[in-house]
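A quick write-up on the structure given underneath.
Where a number appears in this text, it was derived from the coordinates with a stated rule and is not lab data. Here the structure is a predicted model, which is why all the values come from computation and not from measurement. Quick reminder, even Gly has a Cβ in these numbers, built from the backbone with ideal geometry, and neighbours come from all protein chains shown.
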Amino acid sequence: MLQEKIKELKKKRNAIILAHNYQLSEVQEIADFTGDSLELARIASNVKEDVIVFCGVHFMAETASILAPNKIILFPDMNAGCPLANTITAQDLRDLKEKYKDAIVVSYVNTTAEVKAESDYICTSANAALVVEKIPEKRIIFVPDRNLGYYVSKKVKNKEMIIWDGFCPTHQRILPQDIIRLKEEHKDAKIVVHPECRKEVLDIADEIASTSGILRFCKEDTNKKYIIGTEAGLLYRLRKENPGKEFILASPLAVCPNMKKITLEKILCTLENMEPQVKVPETIREKALKPIERMLSL
Ligand code: CIZ
């Protein structure tokens, strides 16, 4: 059986499997840890194993490589990219910095290592508002997610935000009318959405949170039913961790094709061949580490 073969080979290679909250349920099941990209990067920097099989999208494996340079980061499918991260290049960001010389750059973790290397701070969807709030300077270049930027600008006053016009195509497919229709059918449900959703969706939500925030909120909250506006993979953990509650996906289209590229067959193959690997070059890594450390120190 595939699962057994993976477990055997994992032991032989002294490897650990990390999976993002948006991965296929069978991948989450076989993983040693499941979490958001920052939780996984933090785990990656502390594991004792030599090899990390990173199940997520490319920028996440890069973030693990930045924080754990001495580990081998196996990434089962090099084509599992992030279209949001790919909306901005390092040159685009250099041009923006040139235009707004007094601005501080806050980049969402969904960026390439090269873009991180050009940034002052990194943030995640869990701490974006906090990071921006703590920066004393008034003018902030925020990249690449316009919806997360909108959410932050609503929460943090007295900042001038220059927001890049990127978005996640998967979250963009969740429409306000999907949610309004579901709410009519399930009047007792709370609407919980990710800040990468379009602003018309954010405006009608009861709660806006990162994947780890959604998991926490739904566990601690006393309601029994939720309409969830984020990638479908999160429902695996929500249902597993809250057996007495009901979770309804806001849209059947909220499925990220890149996250779903990682399969058990590819995990086995990557452990057999010890490739493909993700390794951020040292010159970029050193620069990209600084804004991550600055975020962690806040
Ligand atoms: O940071 C992550 O893992 C992403 C992309 C989303 C989230 O909210 O966890």
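What does the charge count near residue 278 come to, summing +1 for each Lys or Arg and -1 for each Asp or Glu among other residues with Cβ under 13 Å from its Cβ? Present the calculation step by step, with values, prior to reporting the outcome.
On the way: positive: 71, 279, 285; negative: 62, 77, 275.
Taking every Cβ under 13 Å from that of residue 278, the sum is 0.
Order of 175, 253, 74 from fewest to most other C-beta atoms within 10 Å? List each step's numbers first, then the result.
Numbers: 175 17, 253 14, 74 24.
Arranged by neighbour count, lowest to highest, 175, 253, 74 become 253, 175, 74.
Got a sec? Which residues in region 248-285 would a label at residue 225 touch, if it sits 7 Å along Cα→Cβ and we count backbone N under 11 Å?
248
What is the extension gain from residue 91 to residue 273, computed as 0.36 nm multiplied by their sequence separation minus the C-alpha to C-alpha distance, in nm to one decimal? Intermediate results must be reported in sequence, preceding the final value.
Values: separation 182, 0.36 × 182 = 65.52 nm, distance 3.47 nm.
Between residue 91 and residue 273, full extension yields 62.1 nm more.
Over the chain, what relative contact order in percent results from Cα pairs under 8 Å that are six or more residues apart?
Numbers: 600 pairs, mean separation 69.3, N = 298.
Computed value for the chain: 23 percent relative contact order.
Just going by the charge dipole of the chain, with Lys and Arg at +1 and Asp and Glu at -1 on Cβ, which of 91, 274, 136 is farthest out on the positive end?
136
Could you list, in their original order, any pairs among 190/245; 116/290; 10/48; 134/155; 97/287; 116/199 whose Cα atoms are separated by more than 20 Å? Don't jump to the answer; show the numbers that get you there.
On the way: 190/245 12 Å; 116/290 9 Å; 10/48 13 Å; 134/155 13 Å; 97/287 16 Å; 116/199 25 Å.
Correct reply: 116/199.
Step through the residues of region 221-232 one at a time and calculate ³J(HN,Hα) from phi using the Karplus curve (6.51 cos²θ - 1.76 cosθ + 1.60, θ = phi - 60°), rounding each to whole Hz and writing x for Gly and Pro.
My calculation for region 221-232 gives 6, 8, 5, 10, 9, 9, 9, 9, x, 7, 5, 4 Hz in order.
Which percent, nearest 5, of DSSP beta bridges in the chain are antiparallel? Display every interim value, and only then the final one.
Working: 1 of 34 bridges.
Bridges in the chain that DSSP calls antiparallel: roughly 5 percent.
How do 255, 53, 143 line up, fewest other C-beta atoms within 10 Å first?
255, 143, 53
Is there a quick way to get the dipole size of region 31-179? I mean about its Cα centre, with the Cβ of Lys and Arg at +1 and of Asp and Glu at -1; what is the value in debye to the nearest 20? Please list the in-between numbers first.
Working: 17 positive and 20 negative charges, 120 e Å.
So the magnitude is around 580 debye.
For region 78-181, with the dipole built from +1 on Lys and Arg beta-carbon atoms and -1 on Asp and Glu ones, taken about the Cα centre, which of 170, 119, 82 lies farthest toward the positive end?
170
Over region 11-138, what is the relative contact order in whole percent, taking alpha-carbon pairs under 8 Å and six or more residues apart? Don't skip to the end; give the middle numbers.
Details: 186 pairs, mean separation 23.3, N = 128.
18 percent.
Restricted to Cα positions, what overall size does the chain have along the principal axes? Three whole-Å values, descending.
54, 51, 29
Ignoring everything except DSSP H segments at least 4 long, calculate the 222 nm mean residue ellipticity for the chain; use -39,500 (n - 2.57) per segment, divide by total residues, nearest 500. Could you put the intermediate results ahead of the total?
On the way: 15 runs with 129 residues, N = 298.
Rounded to the nearest 500, the figure is -12000 deg cm²/dmol.
Holding the Cα-Cα limit at 21 Å, pick out from 240/266; 99/159; 12/71 the pairs that are longer than that. Don't skip to the answer; put the middle values down first.
Numbers: 240/266 25 Å; 99/159 17 Å; 12/71 16 Å.
Exceeds cut-off: 240/266.
With a cut-off of 11 Å, note down the residues of region 18-35 whose backbone N falls inside the zone around a label point 7 Å from the Cα of residue 46 toward its beta carbon.
Those under the cut-off are none; the list is empty.
Suppose every K and R has +1 on its Cβ and every D and E has -1 on its Cβ; what is the size of the dipole of region 1-46 about the Cα centre, in Debye to the nearest 20? Display every interim value, and only then the final one.
On the way: 7 positive and 7 negative charges, 68 e Å.
The dipole of region 1-46 has a size of about 320 debye.
Note down the magnitude of the dipole of region 23-97 about its Cα centre, charges +1 on Lys and Arg C-beta and -1 on Asp and Glu C-beta and zero elsewhere, to the nearest 20 debye.
Values: 5 positive and 11 negative charges, 72 e Å.
Here the size comes out at about 340 debye.
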